[in-house]
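This report concerns only the one structure given below.
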Amino acid sequence: GGDIAPRGGTLRSEIRIAGMIDALQAEIPKAEVRELDDAPEAALLRKLERHDLLVIGRDSALDGEPIRNGVSPLIEGLVRHGARPVIVVPYGAPLVGPVVVAYDGSAACQRSLQICLLLGLLSGRDVTIASVADIEERGQECAERCSALLHRHGIAVRAVGLAGAEPVDSLIERAQSLKASLLVIGAYGHSLLRDMFVGSTTRALLRRAPCSVFMYH
């Protein structure tokens, strides 16, 4: 009688989950697929203690929370409270292609770039360091300082100075023109990327990026 509808809803949910797991294992045969048995953020943070990197869809809201300002609260929580780098992937983003590193000289950008480098995500890739400043020459100088690190690791890199009052617009345009597959940013920054992760700059980059975004705090 009264428990038929709830049980029916539970059964349908279980069938959908089983279908998704089967689809994932068919797509990536060697992948480990697990169901979370706790709140998504807490469960993922525990899982990340044994892993180096989290890759998550930009629209992921595993606990059903509404997505505010184009960024899932789950992603904000994982970046703020986690100790691992995160790659946020928009639906339909290219899986291969050039990399754009958004660099402003801040400690956050330096940390994010170093971890991305040490994980091997830049090896064999076409890498562009893009620095936005009030005039192109200052941006070029900043980008060239950053490129020295990659050269030491044997990675060919192009340093580009961009002039503009809106760093988000300049970086997005550069990523689009290069058909980039990855944009590397600092989760917390200073200078022209000075907003906290919960501020407008990083959120805008996440929301508008045509490619995956790598962050580390």
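The values are calculated or read from the model by the stated rules, or taken from the named source; none is laboratory data. Nothing here was measured: the structure is a model prediction, and the numbers come from that model. Virtual Cβ from ideal backbone geometry, glycine too; neighbours counted across all protein chains shown. Each accessible area value is taken on the protein alone, full model and side chains, heavy atoms only, with ligands, DNA and RNA left out. Shrake-Rupley method; radii C 1.70, N 1.55, O 1.52, S 1.80 Å.
Kindly establish whether GLY105 is closer than 15 Å to GLY186 by Cβ and modelled with pLDDT of 85 or more. Here the answer is yes, as GLY105 does meet what is asked. Considering only segment 157-204, state which residues are within 16 Å of GLY105 (Cα to Cα), modelled with pLDDT of 90 or more and not hydrophobic (A, V, I, L, M, F, W, C). Within segment 157-204, just GLY161 meets the criteria. Just one of (1) at negative phi; (2) modelled with pLDDT of 90 or more; (3) open to solvent by less than 70 Å² (accessible area, probe 1.4 Å) fails for ALA43. It is (2). Note on segment 73-108: residues that are hydrophobic (A, V, I, L, M, F, W, C), in contact (Cβ under 8 Å) with a residue 60 or more places away in the chain and touching a helix residue (DSSP H, G or I) at 6+ places or on another chain (Cβ under 7 Å) total 5.
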